[in-house]
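Taken together, the values in this text are just the output of simple stated rules run on the coordinates, not laboratory data. A quick note: this is a predicted structure, and the numbers were derived from the prediction, not measured. As a convention, Cβ positions derive from the backbone with ideal geometry for all residues, glycine included, and neighbour counts pool all protein chains shown.
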Amino acid sequence: MVRMVGRQDADDAMQLAFMRIFRKLDRFSGGSSLETWIYRVATNEALQFLRRRKRDNVDTIRHEPESQMSQSGLRLEDAEMLETGLAKLEPELRAVLTLKEVQELSYAEIAEIMDIPEGTVGSRLNRARRELRDELERLGWR
């Protein structure tokens, strides 16, 4: 959720996702694993959260102070640059990239979660990586 909506809004978005999961649990048909279904509900909630935020004209991820090293071991400056680059991606591209690189899901799992063909996962992932790389270069990533 942090990678999808940003650190400051992740708790709110996660709370909304948990509420949605709880309300829809009786609709889980068992056609996929429970984990995949939860990812799908949470990803959809994150995308909805981003759409609502965009309607409210709040497009940037705000940063909170943190230690010099982020949880992933990146320097704080690099972590902020990465989050800024991710924030520039379209929500669907950010979702695919996050599910693949952070959650380490397979193309098949991402396709099921996003309700798109596996080939579309690949093309969105390539586009997300390319756009993120270009944005990071514009920001001065070394």
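Data table
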read-out: 3J(HN,Hα) from dihedral phi, the range 14-24, Karplus parametrisation 6.51/-1.76/1.60, rounded to Hz, x for glycine, proline; value: 5, 4, 4, 5, 4, 5, 5, 4, 4, 5, 9
read-out: Summed side-chain charge close to residue 3 - residues other than residue 3 whose Cβ falls under 10 Å, Lys, Arg +1, Asp, Glu -1; value: 0
read-out: Sum of side-chain charges, residue 138 neighbourhood, beta-carbon under 11 Å (Lys, Arg +1; Asp, Glu -1); value: -2
read-out: Local electrostatic count at residue 18 - Lys and Arg +1, Asp and Glu -1, tallied over other residues with Cβ under 12 Å; value: 0
